[in-house]
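The values are calculated or read from the model by the stated rules, or taken from the named source; none is laboratory data. All values reported here derive from a predicted model rather than from experimental measurement. Neighbour counts are summed over all protein chains in view; Cβ atoms, including those assigned to glycine, are modelled from backbone coordinates with ideal geometry.
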Amino acid sequence: MDDIVKAALAKWPNVPDCHGWLGLDARGDWYMRDDRCQRAGPFAAEPSEGVAPVKGSRLLHDKLIAFIGRNYMPDEQGRWFFQNGPQRVYVELEATPWIWRLQPDGSVLAHTGAPAGAVERALLDEAGRLYLVTALGLGLVHTSDMAQAADQVEQGAWQPEPVAADSLPQRWAFVRSPQRALGPGPWA
């Protein structure tokens, strides 16, 4: 966590949390979701909701993206957030808390740039999405890196095990939608 964030937390310890305003998609891109977007639909819709997802505006400012990445973490309930000064901004996840980028040297980096560490397990869901369990946690392999991932599988480095995508949050203790966990969204 950045020192400036730690100082803001000490100065203003009781700032209310923010829900629904920030999303992380399955490609590792951050999205800002204003009131209009939140009223129009959830970041990642559940089939039972009968509404289309509304991502919002993709963040493109490199320094802001890096700041979010340095201050991105889970709380004790598995809800991921970005500590924005004294305020926790909870993140809506389209897939998993981490999106992995495979590097030419075989290493794995998170969408934040953090090294993932060694790959402990590979998982393949019913839609053909590949997840890796690493020292950093569970994450989805970026779609652009699937050819390189296939090479790892063919070489025997990774042996994907079948997994149901809807079982991942409970098995790896993360919450896809902290906003939805509060009750019906503004789109309901």
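Quick notes on this one:
- Considering the range 44-56, and only residues there that are out of contact with any helix residue (DSSP H, G or I) (no Cβ under 8 Å at 6 or more places or on another chain) and under 16 Å from residue 27 (Cα atoms), the residue that is surrounded by the most Cβ atoms within 10 Å (Cβ to Cβ) turns out to be 44.
- Number of the exception - residue 8 against (1) surrounded by 15 or more Cβ atoms within 10 Å (Cβ to Cβ); (2) small (Gly, Ala, Ser); (3) at pLDDT 80 or above: (3)
- Failed criterion for residue 183 (all others in (1) loosely packed, with under 13 Cβ neighbours inside 10 Å; (2) part of a helix (DSSP H, G or I) hold): (2)
- Matching residues, the range 40-70, being at pLDDT 95 or above and either of a type in the set (S, T, N, Q) or not assigned by TED's automatic domain parsing to the domain that holds residue 24 (or both): 57
- Any hit, the range 42-57, residues being farther than 14 Å from residue 95 by Cα and in contact with a strand residue (DSSP E or B) (Cβ under 8 Å, 6 or more places away or on another chain): yes
- Filtered residues of the range 55-99 (kept if free of Cβ contacts under 8 Å to residues at least 60 places away in the same chain, out of contact with any Ser or Thr (no Cβ under 9 Å at 6 or more places or on another chain) and either part of a helix (DSSP H, G or I) or of a type in the set (A, V, I, L, M) (or both)): 59, 60, 62, 63, 64
- Of the strands (runs of 3 or more DSSP E) lying entirely inside the range 114-174, those carrying at least 1 residues that are within 18 Å of the chain's Cα centre (by Cα) and in contact (Cβ under 8 Å) with a residue 40 or more places away in the chain are 119-124, 138-141.
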